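S.K.: Quick one: this structure, given as structure tokens, is what I'll be asking you about.
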Amino acid sequence: MNKKIERIIADIDKTKAAIALHQAKLRELEQRKTALENAEIVALYRKERMTEDEFRAYIQSRREVEAAPVPSATIATDPIKKEIPDDED
């Protein structure tokens, strides 16, 4: 086989291995992040001494706040027009 093709195939294999390694690391980091977030939630639950129903209501209210649409900036539909005088001599 052509040496250039063999080199490219080797680079492809090396790149695929590196990508797989990074994907595995990414999955591990995402799992660690989720575990820490869950620990924060449990700590909040315990700190506030909420009942299950109170906690459920709290979570539902947070979801509603996060899902609420953000009001968009109003754009003037009739902007002020400045008349530019014509230079007619």
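S.K.: I need the trypsin sites (Lys or Arg not before Pro) found in the stretch 1-62, filtered to DSSP loop residues with at most 11 other beta carbons within 10 Å of theirs.
M.R.: Values: sites: Lys3, Lys4, Arg7, Lys14, Lys16, Lys25, Arg27, Arg32, Lys33, Arg46, Lys47, Arg49, Arg56, Arg62; in loops: Arg49.
Those satisfying the criteria are Arg49.
S.K.: A further question follows. Between Val65 and Ala35, what is the spin-label point distance in nm, taking each point 7 Å from the Cα along the Cα→C-beta axis?
M.R.: For Val65 paired with Ala35, the spin-label model returns 2.9 nm.
S.K.: Counting only other residues whose beta carbon sits under 14 Å from that of Leu44, what net charge do I get with K and R as +1, D and E as -1? The partial results should precede the final answer.
M.R.: On the way: positive: Arg46, Lys47, Arg49, Arg56, Arg62; negative: Glu37, Glu40, Glu48, Glu52, Glu54.
Cβ neighbours under 14 Å give a net charge of 0.
S.K.: What do the square roots of 5 times the Cα gyration tensor eigenvalues come to for the stretch 3-67, in whole Å, largest first, as semi-axes of the equivalent ellipsoid? Intermediate values should be presented prior to the final figure.
M.R.: Working: eigenvalues 457, 34, 6 Å².
Its equivalent ellipsoid spans semi-axes of 48, 13, 6 Å.
Only the coordinates and a few stated rules stand behind these numbers; no lab work does. Just so it is clear, the model here is predicted, and its values are computed rather than measured. Here the Cβ is made from the backbone with ideal geometry for all residues, glycine too, and neighbour counts use every protein chain on show.
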